[in-house]
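A.B. asks: Submitted below is the structure of interest, expressed as structure tokens.
The values are calculated or read from the model by the stated rules, or taken from the named source; none is laboratory data. Everything numeric here is computed off the predicted structure, so don't read it as measured data. Backbone-built Cβ (ideal geometry, glycine too); neighbour counts: all protein chains shown. These accessible areas exclude ligands, DNA and RNA; they are computed on the full protein's heavy atoms, side chains included. Shrake-Rupley method; radii C 1.70, N 1.55, O 1.52, S 1.80 Å.
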Amino acid sequence: MTGETGTARRRQPQPQPTAEAARLPRQRDSQSTTQVRVLVAVGTDKHPFDRLVDWLAQWHAQTTAPVGLTVQHGHTAVPPLPGAVPFLGHDALQQAMADADLVVCHGGPATILEARRHGHLPIVVPRNPARGEHVDDHQLLFARRLGAAGLVALCETREALHDALTAGLADPSRYAVATDPQAHEARRAAVARVGRIVDDLVAGSTPRLSRWRVRSRPRPDPKETSR
């Protein structure tokens, strides 16, 4: 390529991304007119989560907007939805979160933290033990606390989930948060803090016997020991 004087222009080298920048989540363009990519993750718990999957299928059947679905349904029966997959490996889940415009998930603390690390305000439907979706109510308690703090979009009814998804299709930026460059390094500490919060919530709601209880041993009969 030549300039106006006829001399060749030297191509300027392009700056290479740093290792830190390569780890940061890709920023999404809220003005994009292409289909909205929705990731739904129910986690790996052995209990089915039919309620969330059924609510999603009902919404998907009604919407006319272009939607690209990835549905990690776990131990729930395979739903009649495109993009259904039982499980995603760690790297695949990270990529799916990075590519998604909206993230819908159960109330698992680790899943919520990962979604926020990738710049999402997760739309959370917590598992309910009264419906056979979990062994205890820690997801309900944890998700309600985060919902009250504005850290998740809490949806405990079908109508709330449908409204959140419809609003997200209209403007995905409503469910985006600023990414934190230090979040990747601080993830382990954050998970530990969340674990302590969950333990406190569960302990405060459900009396449990200590797993470290020492069993008392019967004292030997003096007559037996004197023989």
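A.B. asks: Being open to solvent by less than 60 Å² (accessible area, probe 1.4 Å) and small (Gly, Ala, Ser) is the filter here, so list the residues in the range 144-181 that pass it.
C.D. replies: Answer for the range 144-181, where residues must be open to solvent by less than 60 Å² (accessible area, probe 1.4 Å) and small (Gly, Ala, Ser): Gly147, Gly150, Ala153, Ala160, Ala164, Ala167, Gly168, Ser173, Ala176.
A.B. asks: Condition first: assigned to a loop (DSSP other than H, G, I, E, B), touching an Asp or Glu at 6+ places or on another chain (Cβ under 6 Å) and in contact (Cβ under 8 Å) with a residue 60 or more places away in the chain. Can you find one or more residues in the range 100-114 that meet it? Show your work before the answer.
C.D. replies: So in the range 100-114, the residues assigned to a loop (DSSP other than H, G, I, E, B) come out as 100-101, 106-108.
Among the residues that remain, those that are also touching an Asp or Glu at 6+ places or on another chain (Cβ under 6 Å) are: none.
No, that holds for no residue.
A.B. asks: While we're on this one: When you look at Pro129, is it in contact with a strand residue (DSSP E or B) (Cβ under 8 Å, 6 or more places away or on another chain), open to solvent by 20 Å² or more (accessible area, probe 1.4 Å) and without any contact (Cβ under 8 Å) to a residue 24 or more places away in the chain, yes or no? Before you say what the answer is, go through the steps one by one.
C.D. replies: On the way: in contact with a strand residue (DSSP E or B) (Cβ under 8 Å, 6 or more places away or on another chain): no; open to solvent by 20 Å² or more (accessible area, probe 1.4 Å): yes; without any contact (Cβ under 8 Å) to a residue 24 or more places away in the chain: yes.
The answer is no for Pro129.
A.B. asks: Among the residues of the range 70-92, how many are open to solvent by 30 Å² or more (accessible area, probe 1.4 Å) and either farther than 23 Å from Arg174 by Cβ or small (Gly, Ala, Ser) (or both)? Please lay out each step first, then the result.
C.D. replies: At the first step, the residues of the range 70-92 found to be open to solvent by 30 Å² or more (accessible area, probe 1.4 Å) are 70, 75, 77-78, 80, 82-92.
In the following step, the residues that additionally are either farther than 23 Å from Arg174 by Cβ or small (Gly, Ala, Ser) (or both) were identified as 75, 77-78, 80, 82-92.
The number of residues fulfilling the criteria is 15.
A.B. asks: Ok, one more. Would you check if Val67 is out of contact with any Asp or Glu (no Cβ under 6 Å at 6 or more places or on another chain) and either open to solvent by less than 10 Å² (accessible area, probe 1.4 Å) or polar (S, T, N, Q) (or both)?
C.D. replies: Spelling it out, it is not the case that Val67 is out of contact with any Asp or Glu (no Cβ under 6 Å at 6 or more places or on another chain) and either open to solvent by less than 10 Å² (accessible area, probe 1.4 Å) or polar (S, T, N, Q) (or both).
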